[in-house]
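What follows is a short report on a single structure.
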Amino acid sequence: MQSTRTSALSLLALLASAVIAVPDTRSLSSVPNTFPDFSACSSQPSVYSCENTTQIANTCCSPTPGGLVLQTQFWSTYTGLEKRGQKLPKGSWTIHGLWPDNCDGSFEQYCDLSRQYDPAPSKGVPPYTGPGIDTFIREFGRHDMLEYMEKYWINQGAPNKDFWAHEFSKHATCTSTFDIACYGPSYKKHEDVINFFDAVIRAFHQYPTFDMLASAGITPSNKTTYSLGKIQNALKSQTAALPYLGCSHNGTVLSEVWYFSHVYGTEQYGTYKTLDSTTPSSCSATAPIWYYERTKSSEHEVRK
């Protein structure tokens, strides 16, 4: 009798685990689409941004005038908010942004104040006082995006969501392919925000800075320094172009990298062609460069 009862209980447990393993497709199907209406672009000639010989007829089809696209990253060693759980991803640089420089190297900022969500914008721009931009992500059911951004798009001294709002408001509003008009009559409020964040993450994946440097024997160290040329050559060998490297402390502490590109199509889905930096490095060409380790309390394990 006892063995029969045990078998029955085991069967019930097996059935219960099977039920639990079934995915909840209702929550997945409720996530709305956030892509623009680029249907008109397929009937127009495509070129790399900044390389067109005539004016772009439909600015939703190619970023203009900000066609020199910069995917930018930080190497930080602390956040200042470690006690709140805001830490840096182990084995990875972090996202700074996706910037639309004009083809001559100049740039615009805060181009549409109706989409200004930055609580601490540049001087002269009214600060935003509404709900945090993270609430927009939740409203679209993009918890996967929010989780990724909390791991890899990290602010220093302030909440991550404030940094994300700054990057969208300052840069995305100056990128023509994210204009509200590009989303057509079915536009859903803040759809452009979600679409921009997806594009930033996609571009970030193209340039795994930590891994590219590590593969050339360049890893964070408090004992070993590197020459600017060694760092530049390591990245150029993988991207076919010379990125901008930024250094603090009189050009001796590595802190930033910017990858310059022209894009064929749109920032959202197009192909990036990496170019040499148009901005001279702020790192010393002669002094040794420090690529410092992070303290253990300032970073955490993440899944890439």
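The values are calculated or read from the model by the stated rules, or taken from the named source; none is laboratory data. Everything numeric in this text was worked out from a predicted model, so none of it was measured. Cβ: placed from backbone, ideal geometry, glycine included. Neighbour counts: every protein chain shown.
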* Structure fact -> Considering only strands (runs of 3 or more DSSP E) wholly within region 243-290, the ones with at least 2 residues that are under 16 Å from Gly105 (Cβ atoms) and not hydroxyl-bearing (Ser, Thr, Tyr) are 253-264
* Asked: Of the residues in region 218-233, how many are of a type outside the set (A, V, I, L, M) and either part of a helix (DSSP H, G or I) or crowded, with 18+ Cβ neighbours inside 10 Å (or both)?
  -> 5
* Among residues belonging to region 121-179 that are β-branched (Val, Ile, Thr) and under 17 Å from Asp198 (Cα atoms), point out the one that is surrounded by the fewest Cβ atoms within 10 Å (Cβ to Cβ). => Thr135
* Taking Ala181 as meeting all but one of (1) under 26 Å from Pro63 (Cα atoms); (2) without any contact (Cβ under 8 Å) to a residue 40 or more places away in the chain; (3) of a type outside the set (Lys, Arg), write down the number of the exception. => (2)
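Counting only residues that are under 22 Å from Glu191 (Cα atoms) and free of Cβ contacts under 8 Å to residues at least 24 places away in the same chain, give me the helices (runs of 4 or more DSSP H) lying completely in region 81-171 with at least 2 of them.
133-139, 143-152
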* Structure fact -> Of the conditions (1) touching a residue at least 12 places away in the same chain (Cβ under 8 Å); (2) surrounded by 14 or more Cβ atoms within 10 Å (Cβ to Cβ), the single one that Lys236 does not satisfy is (1)
* **Count of region 82-101 residues which are surrounded by fewer than 16 Cβ atoms within 10 Å (Cβ to Cβ) and within 25 Å of Thr274 (Cα to Cα)** => 1
* To do: With respect to Ala203, determine if the residue is within 20 Å of Tyr272 (Cα to Cα), assigned to a helix (DSSP H, G or I), hydrophobic (A, V, I, L, M, F, W, C) and touching a helix residue (DSSP H, G or I) at 6+ places or on another chain (Cβ under 6 Å).
  => no
* Asked: Just a yes or no: is a residue in region 187-206 aromatic (Phe, Trp, Tyr), surrounded by fewer than 19 Cβ atoms within 10 Å (Cβ to Cβ) and at pLDDT 95 or above?
  -> yes
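Any chance region 69-76 includes a residue that's loosely packed, with under 12 Cβ neighbours inside 10 Å, under 30 Å from Glu256 (Cα atoms), at pLDDT 95 or above and not hydroxyl-bearing (Ser, Thr, Tyr)?
Looking for residues that are loosely packed, with under 12 Cβ neighbours inside 10 Å, under 30 Å from Glu256 (Cα atoms), at pLDDT 95 or above and not hydroxyl-bearing (Ser, Thr, Tyr), one finds none in region 69-76, hence no.
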* Hey, Leu254 hits all of (1) over 19 Å from the mean Cα position of the chain (by Cα); (2) hydrophobic (A, V, I, L, M, F, W, C); (3) over 20 Å from Trp153 (Cβ atoms) but one; which does it fall short on? -> (3)
